[in-house]
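Colleague: This is the structure, below, for whatever I ask next.
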Amino acid sequence: MRIGITGAQSVGKTTLLNALRSEPFFNGYSVCDEVTRELIDMGFDINEAGSDITQTLIMQKHIANIYMNDKMLTDRTSLDGLVYTTYLNLHSKVDLVTVEKAKAIYDKTIHEYDHLFYIRPEFDLVDDGVRSINKSFRDEIVEIFEGYLAEMPRDVTVLSGSVRQRLNQVMKVVGADNE
């Protein structure tokens, strides 16, 4: 089963992923941490400063995560890559070719996730040293997410509440609460 957690920066995706990885139900699952953190470690700019190169690398990582893992929990999906690439294109940071590539990858991979979970912002931005704490940036990212979700060709579960409440919602949807 492939499970994707999606949403703007600083909404609690990584926190939820870390809680899920400690659940016995997910023993044997590959846990795919957010790919942008790897890019920062390699010296690439992300967030508002992303580029054609960063977005291409991110989308390639989403392809690898999907096709190399039958049992996977992932913090970010190809939808996230498409949303941020769209944002960067709207702000003249990436060209249309990069958006078209991101859209093609999204179209090919979005159905490969067995379950998608979207987290809307419910809390103030927190500086984790990686993601942008620019509220207008996050608000625009959320608007783009909401636009794509409105056209989503599949079901997406919207999570809310505390980390424990979100974890319980995921466990129920994937059938782990029956174990």
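The values are calculated or read from the model by the stated rules, or taken from the named source; none is laboratory data. These numbers were taken from a predicted model, which means no experiment stands behind them. Because the Cβ atoms are built from the backbone with ideal geometry, glycine has one as well, and the counts that use them run over all protein chains shown. In case anyone asks, the SASA skips ligands and DNA or RNA and just uses the protein heavy atoms, side chains included. Shrake-Rupley method; radii C 1.70, N 1.55, O 1.52, S 1.80 Å.
Colleague: Of ASP45, ASP124, ASP70, which has the largest mean-square fluctuation in a 10 Å C-alpha GNM of the chain?
Modeller: Comparing ASP45, ASP124, ASP70 in a Gaussian network model of the chain, the most mobile one is ASP124.
Colleague: Still on this model: For the cross-link pairs LYS103/LYS172; LYS13/LYS108; LYS103/LYS135, which exceed 27 Å when the distance is taken from alpha carbon to alpha carbon?
Modeller: Pairs exceeding 27 Å: LYS103/LYS172.
Colleague: Sticking with this structure for a sec: Could you work out the helix-only [θ] at 222 nm for the chain, with each DSSP H run of four or more residues adding -39,500 (n - 2.57) and the total divided by the number of residues, to the nearest 500 deg cm²/dmol?
Modeller: For the chain, the value works out to -15000 deg cm²/dmol.
Colleague: Between ARG21 and ALA49, what is the label-to-label distance in nm when each label sits 7 Å out along the Cα-to-Cβ direction?
Modeller: Roughly 2.6 nm, to one decimal.
Colleague: Taking H placed 1.01 Å from N in the peptide plane, check which residues at least 5 places from MET72 or on another chain put their amide H under 5 Å from its amide H.
Modeller: Placed amide hydrogens put ARG2, ILE3, SER30 under 5 Å from MET72.
Colleague: Can you give the extra length, in nm with one decimal, that the chain gains between ASN69 and LYS172 once fully stretched, where that is 0.36 nm per residue apart less the Cα-Cα distance?
Modeller: Gain on stretching ASN69 to LYS172: 34.9 nm.
Colleague: Another question, then. Relative contact order for segment 65-117: what percent, with Cα pairs under 8 Å and sequence separation of 6 or more?
Modeller: 43 percent
Colleague: Report the rotationally averaged projected area of the chain based on its alpha-carbon convex hull, in square nanometres.
Modeller: Averaged projected hull area, Cα only: 9.5 nm².
Colleague: Now, a different point. Determine the relative contact order of the chain: mean sequence separation of Cα pairs under 8 Å and six or more apart, normalised by residue count, in whole percent.
Modeller: 33 percent
Colleague: On full extension of the chain, what length is gained from ASP155 through ASN134, given 0.36 nm per residue of separation minus the C-alpha to C-alpha distance?
Modeller: Gain on extension, ASP155 to ASN134, equals 4.6 nm.
Colleague: Between helix 78-90 and the chain, what is the angle of the helix's C-alpha long axis to the longest principal axis, kept within 0 to 90° and rounded to the nearest 10?
Modeller: 20 degrees
Colleague: Roll a 1.4 angstrom probe over the protein heavy atoms and tell me the percent of accessible area of the chain that is carbon or sulfur.
Modeller: 50 percent
Colleague: Would you mind getting the accessible area per residue of segment 1-128, heavy atoms of the protein chains only, 1.4 Å probe, in Å²?
Modeller: With the other protein chains kept in place, segment 1-128 gives 44 Å² per residue.
Colleague: Give the aspartates and glutamates reachable from LYS93 as a straight Cα distance under 14 Å; neighbours fewer than 8 places away on the same chain don't count.
Modeller: Cross-link targets: ASP45, GLU48, ASP52.
Colleague: Could I ask something else about it? What are the extents of the Cα atoms of segment 1-50 along their three principal axes, listed from largest to smallest and rounded to whole Å?
Modeller: Each principal axis gives a Cα extent; for segment 1-50 these are 38, 21, 17 Å.
Colleague: Report the charge-dipole magnitude of segment 93-179 in Debye, nearest 20, computed about the Cα centre from +1 at each Lys and Arg Cβ and -1 at each Asp and Glu Cβ.
Modeller: It comes to approximately 100 debye.
Colleague: A further question follows. Work out how much length GLU143 to PHE123 would gain on full extension: take 0.36 nm times their residue separation and subtract the Cα-Cα distance, in nm to one decimal.
Modeller: Taking GLU143 through PHE123 to full extension adds about 5.6 nm, to one decimal.
Colleague: May I pose another question? Normalized C-alpha radius of gyration of segment 104-156, against 2.2 N^0.38 Å?
Modeller: Dividing the Cα Rg of segment 104-156 by 2.2 N^0.38 Å gives 1.35.
Colleague: Could I ask something else about it? When the Cα centres of segment 1-63 and segment 107-132 are compared, how far apart do they sit, in Å?
Modeller: Centre-to-centre (Cα) distance: 8 Å.
Colleague: Under a point-charge model restricted to the Cβ atoms of Lys and Arg (+1) and Asp and Glu (-1), what is the dipole moment magnitude of the chain relative to its Cα centre, in debye to the nearest 20?
Modeller: With only Lys, Arg, Asp and Glu charged at Cβ, the dipole is about 280 debye.
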